[in-house]
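In what follows, a structure is listed as structure tokens, so that the remarks can point back to it.
The values are calculated or read from the model by the stated rules, or taken from the named source; none is laboratory data. The structure displayed is predicted, hence computed values, not measured ones. No Cβ is skipped: glycine too gets one built from the backbone with ideal geometry, and neighbour counts run over all protein chains shown. Side chains included, ligands, DNA and RNA excluded: accessible areas come from the protein's heavy atoms. Shrake-Rupley method; radii C 1.70, N 1.55, O 1.52, S 1.80 Å.
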Amino acid sequence: MTHRRTTGAAAGFANARIAAEQSELVQQRQAARRVAEHARDAGDCLDLLSMPGCQVSRRPRRTPRT
């Protein structure tokens, strides 16, 4: 019985951690959008996003289909 309880607790912890990570990603994307909205140009945006605390995942650019 203790093993099942531990497994249930471990699964609950894992689910909570996944939810927290997903929430953090949403907040990071929202912050990046706000920075981009207020930046003067692309260089300013990159400078602001490179500041400590601004973690932006860089997605590969999509290449147009030909």
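Before moving on, here are some points about what is shown:
- So R58, is it open to solvent by 90 Å² or more (accessible area, probe 1.4 Å), within 22 Å of the chain's Cα centre (by Cα) and modelled with pLDDT of 90 or more: no
- Residue list for region 29-55, restricted to those being at pLDDT 80 or above, surrounded by 10 or more Cβ atoms within 10 Å (Cβ to Cβ) and in a loop (DSSP other than H, G, I, E, B): A39
- Yes/no for V26 being open to solvent by less than 90 Å² (accessible area, probe 1.4 Å), in contact with a Cys (Cβ under 7 Å, 6 or more places away or on another chain) and modelled with pLDDT of 90 or more: no
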